[in-house]
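Colleague: Provided herewith is a single structure, encoded as structure tokens, for subsequent inquiry.
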Amino acid sequence: MTITDSTPPLSKGRTLSEGGRRMSDETFIMLLVGGVAVGLFLIASVMVPNFFQLLNMLNLVTNNWAVISLGVGVTFLLVSGNFDLSVGGIVALSGVLAVWFAQSPDGANSLSTGLGLPYWLAVLGAFFGALAIGAMNALFVVRFSIPSIIVTLGTMMVARGIAQVITQGSQRNTNLPDAFGVLGNMTVFGTWVKLPVFLMVVLLVVAIFIERKAVFGRLTFWIGSNPIAANLSGIDKGKHVTYLYLFSSAIAGVVGILLASEFKSGYSNRGTLMEFDALVIALLGGVAIAGGFGSVVGMFFGAIILAVVTSAATGLVLSPDWQYILKAIAVFLAIMTQTWALARRNR
Amino acid sequence: MMPKSSTLAQTSPTFANHVGRFMRNYYIYFVLVLVVALLSVANLDKFDLFERGNFLYERNIINILRISAPLLTLAGAFTLLMVSGYIDLSVGSAMSLSAVVYAMLAINGVPFIPAFAITVVVGAALGLINGILVIRLKITPVIATLITLSLYKGVALLLVQDGVSAIKSGGGLKMPSWFNSYGREGVLLGLPMAFWMAIAVIIALVIVQNRTLLGKYAVATGGNPTAAKLSGISTGKIVILIYVLVGITAALAGIARSSFMSLGDPLSGDGMELTVILVVLLGGTAFSGGEGRVLRSFIGALIIMALTVGMLTLVPAYYQTLVIGAALLAAAASNHLVSRKEASK
């Protein structure tokens, strides 16, 4: 873990006196979460037949590309001390907008009649629709300083509400150009890897670079761990948080467009509870809800933990109703272990 | 009196100040009157006032108040919780779980009173779990109640057998005939027991807030937790007690909903946490705690129910999410503007 050893002591629990020798709390938690993810996977492999297979391992990641991608934006915002619960709503909105814009204007009924824009313009329009919700988040959180949890719950409902009005409470899936289904289903470089999964990997790499090496990422940690100090050091906190909300809504917008393309439909209930799943995997991955602490890699391992737990439950032929209880237990244990481990370490 | 308004009164008792305070204390009633007025004139071209089809038609009012019972029951205790600076995202799930438990007891032959009492005890236990997670295990309220949201919902879903959507008559078991009278049958002014229970809860909680130490301690805990602790208030116990109160009202809300629908639906409380937060914010409660009135949240609940149900006659149902979301943002923004004005004075 040479990367974190060379960074200046920015994270909360890191002690200055020990210099660069000691592993930072962030790395410690990241390794802990990673260890738990691997451990759970091995346990599941022993208990569930056919669990230990390469394809299954890959599926744990590829089936969750949407939530992991959303988790990146949510993690950055949490690190800066803000919630983003609007991402699920944005996923629905951008998908529905893309479909509505692209549908040809001569449909038989109102649900099959769209604006008939060219495909690229439809996607661009949907993307800007998503950004508009992000801008709204930033406006209320930064300008009006209203608690972000309330704001983003409100914008989540507004975004989903607009999607429901456009789809009249159901979905739009007719009268679409053939090009519409390409993006979400195409594979890259002649392999079987789908474009959305590839984009998720690119996003993760870029996010990890920004988090560790770019000024922008380190500023996010500063703002989250001590907003007042950040303000006094001349950091424009409002601008930074605005960028983060736009970043998160942009990711959610792209996810929505890709999902709409994958299913060739704009469904107003798509992405329901994705905002909670994105929050849950960030928490599982050791991101502190108070801000200033956490990592994208941790969030990724958090997603693996959740995926292992839920798919192992399905493999054990538990009723799907169990997933809520398992999720609750996993988050509870993750929070308690992390608090306990950090307290022990920094005693 | 809340500490904030009493200091205000001491500083500058000008006319503008009086007007401002009057508006702040009573604006919620104006909003209610405005919403009712708008809804009742909205389709006057088609229906006469107080006639069938108009918002003020007697059966319509009774119906709205009957449907409102769960939300009206929840609003009071939740206000106290937010006043003390805490939050409970699990109320919806606790309500669903209580509804399922109540329906299960009833369908298996337990009479009304014991079934009612057991469900309320279950609700109190659910609230106690939240309180312990937050206070004893020191988990942030949002996360702790997010955990229990998932947990209670999972248990409610597991209690209902596979392949069945809710606890209801069928498979040899039959809902007793008394089951839906609590939520439906008019006992006074055409309104059912569930509604009057909501009124009783609100009156009790208004008294708790205005006349008892618990109410004062709740404000103190939310306004300045450290100061409250240093003045000898055991804030932890207060907060646990309020979580239990929220759990009890969630159980009462679950019973009301379950009785109204004649079934135990494990999803019946879904989204309720958002509606309650909206209602409490609409009533002017500060999200950060330290300020808020039970009665105003009650009025806020009436406004939201009038709006969402009354709207159904004017626009299609799929407009509801958008309107509620916009109302939530508007309520939060107006709260902010009011409190900023107060701070600048």
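The values are calculated or read from the model by the stated rules, or taken from the named source; none is laboratory data. All values derive from a computational prediction rather than experimental measurement. Here Cβ is always computed from backbone atoms with ideal geometry, including for glycine, and neighbour counts include all displayed protein chains. Just the protein is used for accessible areas: all its heavy atoms, side chains included, with ligands, DNA and RNA removed. Shrake-Rupley method; radii C 1.70, N 1.55, O 1.52, S 1.80 Å.
Colleague: Quick test of the membrane-span-like rule: which DSSP H helices of chain A reach at least 20 Å along their long axis (C-alpha atoms) with mean Kyte hydropathy at least -1.0?
Modeller: TM-like helix candidates: A:25-47, A:65-79, A:87-102, A:119-138, A:148-166, A:195-213, A:237-263, A:296-315, A:322-345.
Colleague: Taking each residue in A:318-326, count the Cβ atoms of any other chain within 10 Å of its Cβ, then average. What number comes out?
Modeller: Counting Cβ atoms of other protein chains within 10 Å of each residue's Cβ and averaging gives 5.
Colleague: Rounded to the nearest 0.05, what FRET efficiency is calculated for A:Ile329 and A:Asn269 with R0 set to 41 Å and r the Cβ-Cβ distance?
Modeller: In this case the efficiency is close to 0.95.
Colleague: To continue, here is another question. Using only Cα atoms, figure out Rg for chain B and give it as a multiple of 2.2 N^0.38 Å. Could you put the intermediate results ahead of the total?
Modeller: Numbers: Rg = 20.7 Å, N = 345, 2.2 N^0.38 = 20.3 Å.
Taking N as the residue count of chain B, the ratio is 1.02.
Colleague: If B:Leu72, A:Leu42 are ordered by their accessible area, calculated over protein heavy atoms with a 1.4 Å probe, which sequence runs from highest to lowest? Walk me through the intermediate numbers first.
Modeller: Details: B:Leu72 0, A:Leu42 90 Å².
Sorted descending by solvent-accessible area, the residues read A:Leu42, B:Leu72.
Colleague: Here's a follow-up. In percent, how large is the relative contact order of chain A, given Cα pairs closer than 8 Å and 6 or more residues apart? It would help to have the intermediate numbers written out before the result.
Modeller: Numbers: 595 pairs, mean separation 106.3, N = 347.
Normalised by residue count, the contact order of chain A is 31 percent.
Colleague: Can I ask one more? In region A:183-249, which chymotrypsin sites (Phe, Trp or Tyr not before Pro) fall in coil by DSSP and have 11 or fewer other Cβ atoms within 10 Å?
Modeller: Loop-located and lightly packed - A:Phe189, A:Trp192.
Colleague: Further question on the same structure: With the dipole of the protein assembly as shown worked out from charges on the C-beta (+1 for Lys and Arg, -1 for Asp and Glu) around the Cα centre, which of A:Ile166, B:Leu329, B:Ala166 lies farthest toward the positive end?
Modeller: Of A:Ile166, B:Leu329, B:Ala166, it is B:Leu329.
Colleague: Say we join alpha carbon atoms closer than 10 Å with springs in a Gaussian network model of chain B; which of B:Val122, B:Val164, B:Val309 then has the biggest fluctuation?
Modeller: B:Val164
Colleague: Here's another thing I want to ask about it. Once you treat every alpha carbon in region A:23-345 as an equal point and sum by Debye, what is log10 I(q)/I(0) at q = 0.09 Å⁻¹?
Modeller: The Debye formula, applied to the Cα set alone, gives -0.48.
Colleague: While we're on this one: Taking the Cα atoms of region B:241-318, report the difference between the largest and smallest coordinate on each principal axis, in whole Å and largest first.
Modeller: If we take the Cα atoms of region B:241-318, the spans are 37, 30, 18 Å.
Colleague: Please list log₁₀ I(q)/I(0) at q = 0.23, 0.24, 0.26 Å⁻¹ for region B:15-102, using the Debye equation with identical point scatterers on the alpha-carbon positions.
Modeller: Cα-only, vacuum Debye calculation for region B:15-102: -1.09, -1.12, -1.20.
Colleague: Any chance you could check the Cα centroid distance between region A:285-347 and region B:133-156 for me, in angstrom?
Modeller: After rounding, the separation between the Cα centres reads 14 Å.
Colleague: How big is the gap, in Å, between the Cα center of region A:146-223 and the Cα center of region B:40-75?
Modeller: Rounded to whole Å, the Cα centres lie 41 Å apart.
Colleague: Which three extents, in whole angstrom, do the alpha-carbon atoms of region A:114-217 cover along their principal axes, largest first?
Modeller: The Cα atoms of region A:114-217 stretch 45, 43, 21 Å along the principal axes, largest first.
Colleague: Can you list the residues, at least 5 places off or on another chain, whose amide H is less than 5 Å from the amide H of B:Val187, using H built in the peptide plane?
Modeller: Here the answer is B:Met193, since their amide H atoms fall under 5 Å of that of B:Val187.
Colleague: Rounded to the nearest 20 debye, what is the charge dipole size of region A:23-345 about its Cα centre when +1 sits on each Lys and Arg Cβ and -1 on each Asp and Glu Cβ?
Modeller: With Lys and Arg at +1 and Asp and Glu at -1, about 380 debye.
Colleague: Accessible area, 1.4 Å probe, largest first: how do A:Val142, A:Val188 sort?
Modeller: Heavy-atom accessible area, descending, gives A:Val142, A:Val188.
Colleague: Whole angstrom only: what separates the Cα centroid of region B:292-321 from the Cα centroid of region B:176-252?
Modeller: 21
Colleague: Let me ask something additional. Just add up the charged neighbours of B:Ser231: K/R +1, D/E -1, any other residue whose Cβ is under 15 Å from the Cβ of B:Ser231.
Modeller: With Lys, Arg at +1 and Asp, Glu at -1, the net is +3.
Colleague: Once ligands and nucleic acids are excluded and a 1.4 Å probe is used, how much of A:Val46 is accessible, expressed in Å² to the nearest 10?
Modeller: Only protein atoms counted, so the area is about 130 Å².
Colleague: Here is a follow-up. So how much accessible area does A:Val182 have, in Å² to the nearest 10, using a 1.4 Å probe?
Modeller: My reading of the accessible area for A:Val182 is about 80 Å².
Colleague: Next question, about the same structure. In square angstrom, what is the accessible area per residue of chain B with a 1.4 angstrom probe?
Modeller: Values: 14890 Å² over 345 residues.
Per-residue value: 43 Å².
Colleague: Over the Cα atoms of the protein assembly as shown, each weighted equally, I'd like the Debye log10 I(q)/I(0) at q = 0.07, 0.12 Å⁻¹, rounded to two decimals.
Modeller: Debye intensities relative to I(0), on a log10 scale: -0.50, -1.51.
Colleague: I want to verify a result. In a Gaussian network model of chain A, Cα cutoff 10 Å, which of these has the top mean-square fluctuation: A:Gly71, A:Gly107, A:Gly302?
Modeller: In this elastic network of chain A, the residue with the biggest mean-square fluctuation among A:Gly71, A:Gly107, A:Gly302 is A:Gly107.
Colleague: Another question, if that's okay. Considering the Cα positions of region B:179-223, please state its Rg to one decimal place and its Dmax as a whole number of Å.
Modeller: Cα-based Rg and Dmax for region B:179-223 come out at 15.2, 43 Å.
Colleague: While we're looking at this one, here's another question. According to the square roots a ≥ b ≥ c of the eigenvalues of the Cα gyration tensor, what is the shape class of region A:152-266, taking rounded for a/c under 1.5, prolate for a/b larger than b/c otherwise, and oblate for the remainder?
Modeller: oblate
Colleague: Probe radius 1.4 Å, ligands and nucleic acids left out: which of B:Ser231, B:Ser169 has the largest accessible area, and how do the rest follow?
Modeller: Values: B:Ser231 85, B:Ser169 60 Å².
Most to least solvent-accessible, the answer reads B:Ser231, B:Ser169.
Colleague: I would also like to ask the following. May I ask you to list the aspartates and glutamates whose Cα is less than 20 Å away from that of B:Lys153, ignoring any residue fewer than eight positions away on the same chain?
Modeller: Correct list for B:Lys153: A:Glu275, A:Asp277, A:Asp321, B:Asp88, B:Asp162, B:Asp265, B:Asp270, B:Glu273.
Colleague: Which of A:Phe301, A:Ser319, A:Gly253 sits farthest toward the positive end of the charge dipole of chain A, with +1 on the Cβ of Lys and Arg and -1 on the Cβ of Asp and Glu?
Modeller: Of the listed residues, the answer is A:Phe301.
Colleague: Taking only Cα atoms and a 10 Å spring cutoff, compute GNM fluctuations for chain B and point out the largest among B:Asp88, B:Asp162, B:Asp265.
Modeller: Highest fluctuation of the listed residues: B:Asp162.
Colleague: Further question: Divide, for region A:278-347, the radius of gyration over alpha carbons by 2.2 N^0.38 Å, where N is the residue count.
Modeller: Taking N as the residue count of region A:278-347, the ratio is 1.19.
Colleague: Okay, moving on. Report, in debye and to the nearest 20, how large the dipole of region A:189-251 comes out about its Cα centre when Lys and Arg carry +1 and Asp and Glu carry -1 on their Cβ.
Modeller: Using Cβ point charges on Lys, Arg, Asp and Glu, region A:189-251 gives about 80 debye.
Colleague: If you count only protein heavy atoms and use a 1.4 Å probe, how large is the accessible surface of B:Leu263, to the nearest 10 Å²?
Modeller: Estimated to the nearest 10 Å², B:Leu263 gives 40 Å².
Colleague: Name the residue from B:Leu312, A:Leu183, B:Asn130 whose Cα lies farthest towards the positive end of the charge dipole of the protein assembly as shown, charges +1 on Cβ of Lys and Arg and -1 on Cβ of Asp and Glu.
Modeller: Value: B:Asn130.
Colleague: Inside 10 Å of the C-beta atoms of B:130-139, what's the mean count of C-beta atoms belonging to other chains?
Modeller: Mean shielding count: 2.
Colleague: Taking both sides together, what accessible area is buried at the B/A interface, probe 1.4 Å, expressed in Å² and rounded to the nearest 100?
Modeller: Counting both chains, the buried surface is close to 3300 Å².
Colleague: Shielding of A:133-146 by partners, i.e. mean partner chain Cβ atoms within 10 Å per residue? All intermediate terms of the calculation are to be shown ahead of the outcome.
Modeller: Details: counts 0, 0, 0, 1, 0, 0, 2, 4, 0, 0, 2, 7, 3, 8.
Taking all residues of A:133-146 together, the mean is 2.
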